[in-house]
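Structure first, commentary second.
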Amino acid sequence: MSAKDILKSIIDDFDILKFEQFFREKNEKLKFFYEDLNINAPDSFSDAKKIAEAQLHDGNLIICSLFVKKELTERSGKKAQYEIGRQILKQRQVDAGIFIFYDSSGNFRFSLIYTNYLGKRRDWSTFKRFTYFVSKDQTNKTFLLQIGDSDFSTLEKIKEAFSVEKVTKEFYNEIANWYFWAMDKVKFPEDYKYNSDPIKDKEIRNATNLIRLITRIIFIWFLKEKRIPGEKNLIPSELFSKENLSQIVKDFMKDKNSSNFYNAILQNLFFGTLNRKMNERKFAENKGYPANKKEYGVKNLYRYEDKFLIGKDEVLKLFKEIPFLNGGLFDCLDKEDEAGKVIYIDGFSRNPAKQSIIPDYLFFQQKEEKVDLSQYGLGTNKSVRGLIEILNSYNFT
């Protein structure tokens, strides 16, 4: 019986013991134990067992099963399941785990949770998770195709098998909550007037710029997740790593007023990198007017050297390998009018009065916060967190 046929059998007539046969088909290096896991599990879980483990050439893997007392649905209990998986990985000091969470109805969640690395050191503060919810009431086509036909010989190949988690309504709800949460916490230049009413003008300005920001970042996220065999990612993950950014960006996440990430990293990525040919990238001169006259209105040169903790040469290296995109999404909208005066919209400027301000925590707040979004018709107790944290929770390949 093939691995895919075994999975079909498990879906039709669930039995946790059938997974041993499935995993034996997948990897002969696995050793099977059925050992009770000594963990501090919430009351909603029981019968936590280690099924198998293996030392693969790119890391060690553990396979565990846990019974979920309440009925599983596509959305139920995902956070608690992730936390318990993370606890097991840290306790056992392993790189990755496949976790099977199952209920009495035969529904199960098939999850991969793994830790990130900082150089050669495991980073126990950050984990990634991919997951499939499986029920005999669904087609399960993607699950059967990806998991049934995949190669489980290495951790990297296992990650590839899990890399088609669908972007669900849950993702769009999180993005919508973030958008409305951020609406009154950002500031954009007021040169361009959207409405004669000052209140309406600000509302339209913030809404328009936030939507544009979301569009740009999601496009970049696809590029960041694009892996070309034998080559680096198109957008380096280091640009979105809190640990790295604390060594690169001045006052990064220091407090609620810290706002250098958007200007130093994102705007320079948008306008000075993706919108400029690789061999032409450089910093705008900062000698004042009229010495900088020839660069007045040129909006694809790097800025904000004062917002970095590293020198200009190191900043250039940071963006060096990122490709040039010949498209309009990353055109800076700060343009000269008929009189030759720059009208600031994106706010990519060395003049603090013309800069856009977006606090760092709107991107990187890890802890979920409950907020009142009832004025937007979304309810009084909505969960929000940083935009980068949201994107890190989903897979975009």
Just one of (1) of a type in the set (D, E, K, R); (2) over 19 Å from residue 152 (Cβ atoms); (3) assigned to a strand (DSSP E or B) trips up residue 109, so point out which.
(2)
Kindly list the number of the only condition in (1) open to solvent by 30 Å² or more (accessible area, probe 1.4 Å); (2) closer than 23 Å to residue 185 by Cα that fails for residue 305.
(2)
I'd like the residue in region 339-354 that is part of a loop (DSSP other than H, G, I, E, B) and open to solvent by 20 Å² or more (accessible area, probe 1.4 Å) and, out of all such residues, is modelled with the lowest pLDDT.
340
Of the candidates 16, 10, the one satisfying the condition of being out of contact with any Leu (no Cβ under 6 Å at 6 or more places or on another chain), in contact (Cβ under 8 Å) with a residue 12 or more places away in the chain and outside any loop (DSSP other than H, G, I, E, B) is 10
Before we move on, is residue 100 open to solvent by less than 10 Å² (accessible area, probe 1.4 Å) and either in a helix (DSSP H, G or I) or in contact (Cβ under 8 Å) with a residue 60 or more places away in the chain (or both)?
yes
Exception for residue 151 within (1) at pLDDT below 95; (2) outside any loop (DSSP other than H, G, I, E, B); (3) among the charged types (D, E, K, R) falls at (2)
Does any residue in region 340-352 that is hydroxyl-bearing (Ser, Thr, Tyr) come within less than 6 Å, Cβ to Cβ, of a residue that is open to solvent by 10 Å² or more (accessible area, probe 1.4 Å) and not in a loop (DSSP other than H, G, I, E, B) six or more places away or on a different chain, and which pairs are these?
344/354
Across region 154-199, what is the total count of residues that are modelled with pLDDT under 85, open to solvent by 70 Å² or more (accessible area, probe 1.4 Å) and either among the basic types (Lys, Arg) or part of a loop (DSSP other than H, G, I, E, B) (or both)?
2
Determine whether region 265-278 contains at least one residue that is in contact with a Phe, Trp or Tyr (Cβ under 9 Å, 6 or more places away or on another chain), open to solvent by 70 Å² or more (accessible area, probe 1.4 Å), farther than 27 Å from residue 392 by Cα and not in a loop (DSSP other than H, G, I, E, B).
yes
What are the residue pairs meeting all of these: first residue in region 139-158, first residue more than 18 Å from residue 109 (Cα to Cα), second residue surrounded by 13 or more Cβ atoms within 10 Å (Cβ to Cβ) and hydroxyl-bearing (Ser, Thr, Tyr), Cβ atoms under 9 Å, and 6 or more apart or on different chains?
155/114; 157/150
I'd like to verify a number: residues in region 355-381 that are closer than 19 Å to residue 206 by Cβ, out of contact with any Phe, Trp or Tyr (no Cβ under 8 Å at 6 or more places or on another chain) and not in a loop (DSSP other than H, G, I, E, B), how many?
3
In region 29-79, anything in a strand (DSSP E or B), buried (at least 18 other Cβ atoms within 10 Å of the Cβ) and either touching a Gly at 6+ places or on another chain (Cβ under 8 Å) or at positive phi (or both) is listed as 59, 61, 62, 63, 64, 68
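The values are calculated or read from the model by the stated rules, or taken from the named source; none is laboratory data. None of the values given here were measured: they were computed from a predicted structure. All Cβ positions, glycine included, derive from the backbone under ideal geometry; neighbour counts span all protein chains shown. Accessible surface is based on the protein model in full, side chains and every heavy atom, while ligands, DNA and RNA are left aside. Shrake-Rupley method; radii C 1.70, N 1.55, O 1.52, S 1.80 Å.
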